[in-house]
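Right, one structure below, let's go through it.
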């Protein structure tokens, strides 16, 4: 009877090892087969969130030691900034209304919240615009280091269930100064190119980026 390999890499470790190898390739980052489409996705089980953060920390430290710049972009922080920009009075009214509806029907409460947040999250002027701004401001300030800059987008779970990550990448296309972008995706890979956000939503196959590992 064969014994389990205690030193075998997990899916998360294999994904980050492959990503690192492709990023520091001698011919430049090759996370995509398309020269002007430098997007990739690392899916992981939501329960592995803290394991992923450790891998992100190790990868970032390794890249910086080799002369890279790593932009860590938190979708949770960008979402909270968007909500705060609405003003305290408006936010408080939304909270009170959502609580009232949720007490009678949880689905109505969630639907109301989605309607209120959607204009601030979805579309090219939503969260994607904030991500683009962070990346482009850095790229414009450091034009000589674009090929050695990595944008790591994390905390996507904070947008569940109000946003689809495929839409985020679609709206970022052409708005990142060709800086390599990696989306950390809490969810499940289904079939060759299908991804289910948080393992709850129907699989989305509207993906062009490479999916690691």
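Structural descriptor for segment 18-126: relative contact order 11 percent, calculated from alpha carbon pairs under 8 angstrom and at least 6 residues apart. Name the shape class, rounded, prolate or oblate, that the alpha-carbon gyration tensor gives for segment 95-213, where a ≥ b ≥ c are the square roots of its eigenvalues, rounded holds for a/c under 1.5, and otherwise prolate holds if a/b is larger than b/c and oblate otherwise. Oblate is the answer for segment 95-213, as a/c is 1.5 or above yet b/c matches or exceeds a/b. Compared with the direct C-alpha span, the chain from residue 96 to residue 64 gains 7.0 nm at full extension, assuming 0.36 nm per residue. Here the gap between residue 82 and residue 175, fully extended at 0.36 nm per residue and compared with their Cα-Cα distance, gives a gain of 31.5 nm.
Footprinting exposure proxy ranking of 211, 135, fewest other C-beta atoms within 10 angstrom first, gives 211, 135. Computed from Cα atoms, the angle from the helix 49-65 axis to the main principal axis of the chain rounds to 50 degrees.
Report, for the chain, the % of DSSP beta bridges that are antiparallel, rounded to 5. If we restrict to bridges inside the chain, about 25 percent are antiparallel.
Averaging over all projection directions, the Cα-based convex hull of the chain occupies 15.0 nm² in the image plane. Can you pull the percent of Cα pairs in segment 1-102 with separation above 15 Å? Looking at segment 1-102, the distances longer than 15 Å represent 76 percent of pairs.
Stretching residue 13 away from residue 89 to a fully extended chain increases their span by 22.9 nm, per 0.36 nm per residue minus the current alpha-carbon distance.
With respect to the chain, whose longest principal axis is taken over its alpha-carbon atoms, helix 11-23 is tilted by about 60°. A crude spin-label estimate for the pair residue 208 and residue 114, with each label 7 Å from Cα along the Cβ direction, gives 2.7 nm. Here's the picture: a label point sits 7 Å out from the Cα of residue 24 along the beta-carbon direction, and within segment 55-82 the residues with their amide nitrogen under 11 Å of it are 59-68. Treating r as the C-beta distance of residue 35 and residue 74 and R0 as 41 Å, the FRET efficiency rounds to 0.90. Tell me whether segment 20-66 comes out rounded, prolate or oblate; compute the Cα gyration tensor, take square roots of the eigenvalues as a ≥ b ≥ c, and use a/c under 1.5 as the rounded threshold. The shape class here is oblate.
Computed from Cα positions, the angle between helix 106-121 and the longest principal axis of the chain comes to roughly 60 degrees.
Read-outs throughout are calculated quantities, based only on the coordinates presented, and are distinct from any laboratory measurement. Predicted, not measured: the structure shown is a model, and the values here were computed from it. Cβ atoms come from the backbone with ideal geometry, glycine included; neighbour counts cover every protein chain shown.
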